[in-house]
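The values are calculated or read from the model by the stated rules, or taken from the named source; none is laboratory data. Remember, predicted model here, so these are calculated numbers, not experimental data. Ideal geometry is used to build each Cβ from the backbone, glycine not excepted, and the neighbour counts take in all protein chains shown.
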Amino acid sequence: MNTTGFTVHNTIWRSRRLRDALVAYAFILPWIIGFVLFVGGPIVASFGLSFFRWKMIAPPRFYGLTHYINMFTSDELFRISIWVTFKFVLISVPIGQILALGLALLLNQRVVMLGFWRSVFYLPAVVSGVAGSIIWVWMYHNELGIVNNGLQLIGLEGRNWLFDRPMVLGALVVKSLWNIGIPMVIYLAALQGLPQQLYEAADIDGAGEGAKFFAITLPMLSPAIFFNVVMGIITSVQTFAEPYVMTGGGPDNATLFLGLHLYQSAFHFLKMGYASAMAWIMFLIIFGLTAFQFRLASRWVYYEGDAR
């Protein structure tokens with residue numbers, strides 16, 4: 001056995017493997033540096049900062065758990081922001097998912113100018129949150145807005161939507177439905193991937209459209225529904241641009257979302273330590289809701305190939 005040749009071959013193979021690894025790391029190094037400097041580093045820094053009192057104009061002072069204690073005991077605005085955020089999530093996420101699924105079902109049919117309609121319904125999703133919010137401020141304008149003028153055409157009285165406390169949160173929910181293009185596309189992709197032989201078998205058995213929808217379509221779409229619901233909850237909890245641009249948290253704190261309260265604490269009142277603590281509470285809320293969804297997923301989410 002030629003051990004010398006084997007040793008040389010093994011050495012060459014290792015050197016090539018090392019060279020390939022170095023090339024790969026060189027390509028991903030810019031991303032690693034960016035992640036450490038702009039994502040990972042600030043996350044770690046914010047956790048440490050949450051235990052300090054820092055107004056930026058003076059050195060930070062260690063505060064321990066005081067920020068977290070004050071948040072739940074003496075900050076009335078924090079409790080209001082939690083309640084506003086949860087109301088928004090509970091209303092906007094179910095309505096948004098139902099509308100997105102309904103649109104996907106419609107756009108999965110053979111209709112004239114199908115590509116055009118898919119583009120039209122998806123287009124608002126690519127508009128930035130700030131630009132979209134400004135458009136909706138104009139649409140909700142008391143005198144010039146298209147919403148009130150449209151209501152007047154059918155004999156209904158318009159409202160001052162963004163300054164009416166009972167109606168303003170609902171107005172933001174309606175605005176959030178403007179972005180259902182993203183879950184709609186995901187549902188549409190899932191619909192186009194459903195096995196057609198199941199529907200053919202259902203047709204042979206004489207099943208109606210309703211029976212096929214609830215017995216085949218919904219169960220097969222459950223992974224897409226689960227993904228969209230989780231992402232919708234995460235996005236809704238972090239809502240910031242809409243209340244910041246459209247209402248500023250008013251009227252009377254009716255739209256003081258958690259993200260907006262966090263921003264105001266940090267950049268209006270320079271409570272950087274307190275805002276960092278609030279950011280970690282937001283993270284725990286999102287983590288808890290996401291973990292809860294994953295815990296429930298085994299009861300209703302069906303994956304093709306499951307042994308259940």
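For beta carbons closer than 9 Å, sequence separation of 6+ or different chains, a first residue in segment 172-197 that is surrounded by 15 or more Cβ atoms within 10 Å (Cβ to Cβ) and a second that is of a type in the set (Asp, Glu), the qualifying pairs are 172/242; 175/242; 176/242. With respect to residue 47, determine if the residue is surrounded by 12 or more Cβ atoms within 10 Å (Cβ to Cβ) and under 23 Å from residue 255 (Cα atoms). Criteria not met by residue 47. Within segment 191-212, the residues that satisfy the criterion of being more than 24 Å from residue 92 (Cβ to Cβ), of a type outside the set (D, E, K, R) and part of a helix (DSSP H, G or I) are 192, 196, 197, 198, 199, 201, 202, 204, 210, 211. Does segment 265-286 contain any residue that is surrounded by 15 or more Cβ atoms within 10 Å (Cβ to Cβ), within 30 Å of residue 191 (Cα to Cα) and among the β-branched types (Val, Ile, Thr)? Scanning segment 265-286, I find at least one residue that is surrounded by 15 or more Cβ atoms within 10 Å (Cβ to Cβ), within 30 Å of residue 191 (Cα to Cα) and among the β-branched types (Val, Ile, Thr), so the answer is yes. Exactly one residue out of 255, 290, 239 is among the β-branched types (Val, Ile, Thr) and assigned to a helix (DSSP H, G or I): that is 290.
Taken over segment 233-253, the criterion of being on the phi < 0 side of the Ramachandran plot, of a type outside the set (Ser, Thr, Tyr) and crowded, with 20+ Cβ neighbours inside 10 Å is satisfied by 233, 237, 242, 243, 246. Of the residues making up segment 33-46, those that are under 22 Å from the mean Cα position of the chain (by Cα) and without any contact (Cβ under 8 Å) to a residue 60 or more places away in the chain are 35, 38, 39, 40, 42, 43.
Mind telling me which of the residues 173, 127 ends up being at pLDDT below 90 and closer than 22 Å to residue 236 by Cα?
127
Of all residues in segment 263-287, those satisfying the criterion of being part of a helix (DSSP H, G or I), closer than 30 Å to residue 59 by Cα and free of Cβ contacts under 8 Å to residues at least 24 places away in the same chain are 263, 264, 265, 266, 267, 268, 275, 283, 284. Please go through segment 47-104 and pick out each residue that is in contact (Cβ under 8 Å) with a residue 24 or more places away in the chain, within 19 Å of residue 269 (Cα to Cα) and among the basic types (Lys, Arg). Of everything in segment 47-104, those that are in contact (Cβ under 8 Å) with a residue 24 or more places away in the chain, within 19 Å of residue 269 (Cα to Cα) and among the basic types (Lys, Arg) turn out to be 53, 55.
Mind checking which residues of segment 202-215 are surrounded by 13 or more Cβ atoms within 10 Å (Cβ to Cβ) and more than 32 Å from the chain's Cα centre (by Cα)?
202, 207
Just one of the listed residues (133, 92, 81, 119) is within 24 Å of the chain's Cα centre (by Cα) and exposed (fewer than 15 other Cβ atoms within 10 Å of the Cβ), and it is 119.
Does residue 117 satisfy the criteria of being of a type outside the set (Ser, Thr, Tyr), touching a helix residue (DSSP H, G or I) at 6+ places or on another chain (Cβ under 8 Å) and without any contact (Cβ under 8 Å) to a residue 60 or more places away in the chain? Judged against the criteria, residue 117 is a match.
Check whether at least one residue in segment 181-190 is in a helix (DSSP H, G or I), more than 25 Å from residue 219 (Cβ to Cβ), at pLDDT below 95 and not β-branched (Val, Ile, Thr), and report yes or no. No; the residues of segment 181-190 include none that is in a helix (DSSP H, G or I), more than 25 Å from residue 219 (Cβ to Cβ), at pLDDT below 95 and not β-branched (Val, Ile, Thr). Being surrounded by fewer than 15 Cβ atoms within 10 Å (Cβ to Cβ) and either farther than 30 Å from residue 137 by Cβ or among the aromatic types (Phe, Trp, Tyr) (or both) is the requirement here; does residue 218 meet it? For residue 218, the condition - surrounded by fewer than 15 Cβ atoms within 10 Å (Cβ to Cβ) and either farther than 30 Å from residue 137 by Cβ or among the aromatic types (Phe, Trp, Tyr) (or both) - is met.
Which members of segment 130-175 meet the condition of being of a type in the set (Val, Ile, Thr) and part of a loop (DSSP other than H, G, I, E, B)?
154
Annotation note: Cβ proximity below 7 Å between a residue of segment 202-220 that is not assigned by TED's automatic domain parsing to the domain that holds residue 188 and at pLDDT below 85 and a residue that is of a type in the set (Phe, Trp, Tyr) and assigned to a helix (DSSP H, G or I) (sequence gap 6+ or interchain) occurs for no pair.
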